[in-house]
Amino acid sequence: MDDRKLSRRQLLKAAGALGVAAAALDPIKAFADDDEGSGRVSWDIINVVADATKPNGLCIVKGGSASATATNGPHKAEGRITVTGHGTFPNADKCSKNVTGGGTWSIVDSSDDPRCFSGSGNYHVTELLSWRPAVGTLPIGDCTGEAGTPSSGLAVLRVLYSNGRRGTLTVSCHLPANAPACMFEGIT
């Protein structure tokens, strides 16, 4: 029988992949409400930390940040939004205002366009617009404090920023093992 071991390099590559704009989506089936049939999903923008008590010596925790970049015509990066956050929504692919959560946002804009702005503040989630769960496995420990099974997936959330503007936050989780190749990891 072939006894396979995970090399330090493979472990660090997996940790890096999770740490870059990672958002762990965690379906919670134990607390299903009657109108939600299959429970709630907990989403978190996470960090990867060392934890010798967990598989592979790593663990995901709440409190990470993720960024998305805006480019102009010649593909020069001119704006960047960075968010933190966590919350919950129904485990169903339909619009729902039965949501919780939010976080912080920060925009840095280097363009000369007066329609663009820099700023920072808080945001809160006001509605689930879409949820597409997908397969995938998390090969490290989950220390987010949420019960359930980690899942890959794509969530589109309506948000209200503290500056009064409305927007959407797309959170995509591509768990490292067995997730569809077409899924991206991060936010938009």
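Coordinate-derived values only; no laboratory data. In this text the structure is predicted, and so the values were computed from the model without any measurement. All Cβ positions, glycine included, derive from the backbone under ideal geometry; neighbour counts span all protein chains shown.
Worth a mention:
- Our note on the geometry: Cα centres of region 53-89 and region 113-182, 9 Å apart.
- Within-13-Å neighbourhood charge of VAL156 [Cβ basis; K, R +1; D, E -1]: +1
- Virtual spin-label span in nm between THR149 and ASN178, 7 Å along Cα→Cβ: 0.8
- In order along region 84-100, the Karplus-derived 3J(HN,Hα) couplings, from 6.51 cos²θ - 1.76 cosθ + 1.60 at θ = phi - 60°, round to 10, x, 6, x, 9, 7, x, 7, 8, 8, 8, 4, 8, 9, 7, 10, 9 Hz, and Gly and Pro are given as x.
- Column: log10 I(q)/I(0), Debye, Cα scatterers of region 74-188, q = 0.10, 0.16, 0.17 Å⁻¹: -0.36, -0.86, -0.95
- Cα-only radius of gyration and Dmax that characterise region 85-143, units Å: 16.4, 45
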